[in-house]
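The values are calculated or read from the model by the stated rules, or taken from the named source; none is laboratory data. Remember, it's a predicted structure, so these values are computed and weren't measured experimentally. Neighbour counts are summed over all protein chains in view; Cβ atoms, including those assigned to glycine, are modelled from backbone coordinates with ideal geometry.
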Amino acid sequence: MLKRVVIFIVLLITATTFTFAGGSKEKAASPEPKAGTQQKAPETVLEEGMVDTSKYKVDGKVTIGVSYEGPINDYSKSMLYHIQYQLERKYAARVENVIYAPADG
């Protein structure tokens, strides 16, 4: 039993040492972009089944629809209130109208 405890402690110390001695955290300085130049966004590789929706982006305010399970329990009511709060506070400049569609039958 003592042998197993000693082996476990040695493995634990080794794992901890390798975890915290991971090398230098300093990174090479990246060059600053020149004033007046636009940075090109890196291309995103879409996984199978994913669709690029950037062609549907519109400027200005939008109307969105929210389908939720309906106000049938506390969880769904809480979710709806969180959505409403975010739309009123964070996205008020982007969202003109919200269409709520409860799916509770």
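Checking T63 against (1) loosely packed, with under 10 Cβ neighbours inside 10 Å; (2) at pLDDT 65 or above; (3) out of contact with any strand residue (DSSP E or B) (no Cβ under 6 Å at 6 or more places or on another chain), which test does it fail?
(3)
In the stretch 79-105, how many are in a loop (DSSP other than H, G, I, E, B) and of a type in the set (K, R)? Talk me through it step by step, then tell me what you get.
Taking the stretch 79-105 and keeping what is in a loop (DSSP other than H, G, I, E, B), we get 90-94, 103-105.
Cutting the leftovers down to of a type in the set (K, R) gives us 90, 94.
Selection size over the stretch 79-105: 2.
Kindly indicate the residue of the stretch 39-78 that is hydrophobic (A, V, I, L, M, F, W, C) and not in a loop (DSSP other than H, G, I, E, B) and also farthest from A103 (Cα to Cα) among those meeting that condition. Spell out the reasoning first.
Restricting attention to the stretch 39-78, the residues satisfying the condition of being hydrophobic (A, V, I, L, M, F, W, C) are 41, 45-46, 50-51, 58, 62, 64, 66, 72.
Checking which are not in a loop (DSSP other than H, G, I, E, B) leaves us with 62, 64, 66.
Working: V62: 23, I64: 16, V66: 10 Å.
Checking each candidate, the answer is V62.
Test G105 against the stated conditions and say whether it is surrounded by fewer than 10 Cβ atoms within 10 Å (Cβ to Cβ), modelled with pLDDT under 85 and small (G, A, S). Give the derivation first.
Working: surrounded by fewer than 10 Cβ atoms within 10 Å (Cβ to Cβ): yes; modelled with pLDDT under 85: yes; small (G, A, S): yes.
So G105 passes the test.
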